[in-house]
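The values are calculated or read from the model by the stated rules, or taken from the named source; none is laboratory data. From a predicted model like this one, the values you see are computed outputs, not experimental measurements. Calculation scope for accessible area: heavy atoms of the full protein, side chains included, ligands and nucleic acids excluded. Shrake-Rupley method; radii C 1.70, N 1.55, O 1.52, S 1.80 Å.
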Amino acid sequence: FYATSIKKERSRFSRHGFLFVFRDRTEEQKMDHVKDELISTVSHELRTPLSSILGFMELLRYRQPTPEKTTRYVEIVHEEAKRLTNLLNDFLDIQRMEGGKQDYAFKPFSLRQLLEETIETFGETAETHTIHAVTDDDPILIFADEDKVKQVIINLLSNAIKYSPAADHIDVRLEKTADQAILSVTDYGIGIPPTAFDKLFTKFYRVDNSAVRKIGGTGLGLAICKEIIESHGGAISVESELNQGSTFTIVLELDPRKDFEKK
Ligand code: ADP
């Protein structure tokens, strides 16, 4: 706290007193910091895909490339436009979540089935890595928002691939205990320094080293994952060793309704 102004009180009640006005600057400073980070992230993350889109559109428009090159350029433009959409969705998600305006549509479903379907569709787009999955025989029934849980899985899979550029596969494991589902995604990539563990799930945080800087990102994905998992009463955690790899684990309660499990 600090006094921003000291005004001489000239009211009719007191002719000689002073009025001290206090303002909490910590919250304001925090907000300023968030705003600065938002602006620098947005400008950097928007600029890269936009300049790539503009560049390739110009090549297509003025250079009459060969059909092979045309196909490749259109693919890149499509990829970059998708990146922009994802980025925008991340910003909207985090804003909705922070405003407490995120609605969750809970329903019973099989986490194993969702995981298998997600890996199947996601795996098709992952050209550089194979996804090895080990799942329990059980359907692993949970009561949750299926789209949101899928979003978490996709975030963890994309990070695992993104941050292990020299590896060729990632491992996914799904198992259950008496009352919990445990899903982990392991990569053999750049790893995370232990000093970063507690900041990893806060928005805009990115590990500050050259390996991470080379790889684009907003620092929003894990904050969104944490928000979603905690809104389900679950937990998300990380284990990692620098230059060896990382494992992200989510734990969710199994659907407690016995009658549903019998169906
Ligand atoms: P982004 O990937 O867009 O930067 P995230 O919120 O998904 O944002 O991740 C935050 C930070 O955590 C990343 O910038 C990176 O430093 C680190 N990180 C996340 N996943 C991994 C991983 N699998 N391996 C190494 N570092 C990771």
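Per residue, the stretch 25-131 exposes 71 Å² of solvent-accessible protein surface, assessed with a 1.4 angstrom probe and all protein chains in place. Note on L220: accessible area approximately 0 square angstrom, rounded to 10, probe 1.4 Å, nucleic acids and ligands left out. Each of H169, H44, H132, H232 has its accessible area taken with a 1.4 Å probe; listed largest first, they run H44, H132, H169, H232. Rolling a 1.4 Å sphere over the protein heavy atoms, what is the accessible area per residue of the stretch 202-243, to the nearest Å²? Computed with neighbouring chains in place, this is 50 Å² per residue. Averaging the sequence gap over all C-alpha pairs within less than 8 Å and six or more residues apart, then dividing by the number of residues, gives the stretch 189-263 a relative contact order of 33 percent.
Helix 67-98 and the longest principal axis of the C-alpha atoms of the chain enclose an angle of approximately 40°.
Looking at the chain, send over the antiparallel percent of its DSSP beta bridges, to the nearest 5.
Numbers: 32 of 38 bridges.
In the chain, DSSP labels about 85 percent of beta bridges as antiparallel.
Checking the Cα-Cα distances for K35/K148; K176/K226; K101/K176; K82/K150; K107/K162 against a 29 Å cut-off, the pairs over it are K101/K176; K107/K162. Dividing the summed -39500 (n - 2.57) terms of all DSSP H runs of n ≥ 4 by the residue count of the chain sets its mean residue ellipticity at 222 nm at -16000 deg cm²/dmol.
Only protein atoms count toward the accessible area here, which uses a 1.4 Å probe; on the stretch 50-161, the carbon and sulfur part of that area reaches 53 percent.
What do you reckon, how do Y188, Y163 stack up by accessible area (1.4 Å probe), largest on top?
Details: Y188 100, Y163 50 Å².
So the residues, ranked largest to smallest area, are Y188, Y163.
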